[in-house]
Amino acid sequence: MSSSFFIKTKENPKFAKKGKNTAGTKRKGDVDPTGKGKVRAKKSSSKYNEEISSDSETERATAPKKRQSTEQIEYEETPQEKKLRLAKLYLEQLKEEEEKKAEEASFETDLIAGRLQEEVLEQRGKLQRLIAKDLIPPDPSEIRMFRGHKLPITCLVITPDDKNIFSAAKDCSIIKWDVGSGKKIHTIPGGRKGTEDRHVGHTAHILCMAISSDGKYLATGDMNNLIMIWEAESCKHLYKFTGHKGAVSGLSFRKGTHDLYSASHDRSIKVWNVDENAYVETLFGHQDSITGLDSLSRERCVTAGGRDGTVRVWKIAEESQLVFHGHEGSIDCIQLINEEHMVTGADDGSVCLWSVNKKKPLSTVKRAHGCHGDAGIEQPHWVSSVAALQNSDTIASGSHNSEVNVWKCGQNYRGLEPLFSVPVSGFVNSLKFSSSGQFLVAGVGQEHRYIHTHVSIETKVPEN
């Protein structure tokens, strides 16, 4: 969040210049008080007293005429002088315009240079906008709740323009929401098990979803090993990707492209080209079900390996991987902060910050959401979701302790400092920051997204 302050400056008062008032002043000898046009000279030391005739009256009478004549000469221009004056004025105007353009060009150059520098830092993973210090806890009246799913929400995404939210749930449905009004724009209903051939949509729990950076495509993955591609604007079904042999647990579009990465409980990563409706390749390496996946603009993705205890960075073009260790329990969620840093959460209650250049966490907060249970046998609250405001020093984590925690990352991502908590009720299965950083969305249910519900979907969702 940012605040803008308009500072109005007082103008300095203008003071009129005080000139000497010469009206009514007389100089000795200027006017003959007798009106005879003569003034008397001072008596000299000479023995003679002479009366001297003065021509001052004549001179004063002719002076105004001379001044008037001078003024007429000064302001009556010849055509050549007028042309010269106008030419000078035109040149001055041109000079002013050029100086103004030069100032604007300099400002634009500085602006472009700043943006290019940010892009370079972003590509290198060095960009860290320090905004956490400006964040404030939301007022309870600012927390809005959208209701529409019949079973727990498992995942959500926000459109790049921050105007819409897509959410999916264990009832197999997808809902498109309007952020401004909080109303449903479109609902893609879920279908019953066994209706896959005739139902357009999912017929098993949806576990993950992703939206392309241009907002064109929406991808969703379910426990029936299927990936479905939708047109985000109209919610029209486009393609169905098959190939995974286990539940699809993670999806992410590479930023700036329509390349899609998918992760599955079958321990594999697959790459797809959505524009071509085509499968590209499969990568293997995890020793247990993959529980989360994320990517940015580089041709690579990061994954959480669940109970194999590893975080992996996959270099797609090189078909290689880097393996990281740090959590003591199952790593269940992962999110990139920038191209070089990421955050993870695990069922051991810890939140970790990582650099892709170091195999161990840069920082770990144990029992990030506290503990539950009797004294002596306390268990940490399971960290079920994490979110990062890209290229900033702000992250969030969710659990089932009735709150979402917002954290400030230390310099160079060494250290985590709690900022504040936001109350929620239930399991926080998904967290996303808006692109602008103005709001945070939590997908909340009464159980974890990987725990199978005991409520029959057939009794909850009518047949279409």
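Here are the numbers for the structure shown:
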| item | result |
| --- | --- |
| Heavy-atom SASA rank of ARG192, ARG367, ARG147 (probe 1.4 Å, accessible area, largest first) | ARG147, ARG367, ARG192 |
| Average accessible surface area per residue within the range 270-387, 1.4 Å rolling probe, Å² | 39 |
| Computed accessible area, HIS237, all protein chains, 1.4 angstrom probe, square angstrom | 60 |
| Solvent-accessible ranking of ARG298, ARG198, ARG267, largest area first, probe 1.4 Å | ARG198, ARG267, ARG298 |
| Gain on full stretching of the segment that runs from GLN80 to LYS183 - 0.36 nm per residue minus C-alpha separation | 29.6 nm |
| ASP134, ASP294, ASP288, ranked by accessible area, largest first (probe 1.4 Å) | ASP134, ASP288, ASP294 |
| Mean separation of Cα contacts under 8 Å, 6 or more apart, over the residue count of the range 140-445: relative contact order % | 10 |
| Percent carbon-and-sulfur accessible area, the range 319-464, ignoring ligands, DNA and RNA, probe 1.4 Å | 47 |
| Carbon and sulfur %, accessible surface of the range 118-218 computed with the full protein complex present, 1.4 Å | 51 |
| More than 28 Å apart - percent of Cα-Cα pairs taken over the range 140-445 | 34 |
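The values are calculated or read from the model by the stated rules, or taken from the named source; none is laboratory data. Not measured: the values here are computed from a predicted model. Heads up: the accessible areas ignore ligands, DNA and RNA and are worked out on the full protein's heavy atoms, side chains in. Shrake-Rupley method; radii C 1.70, N 1.55, O 1.52, S 1.80 Å.
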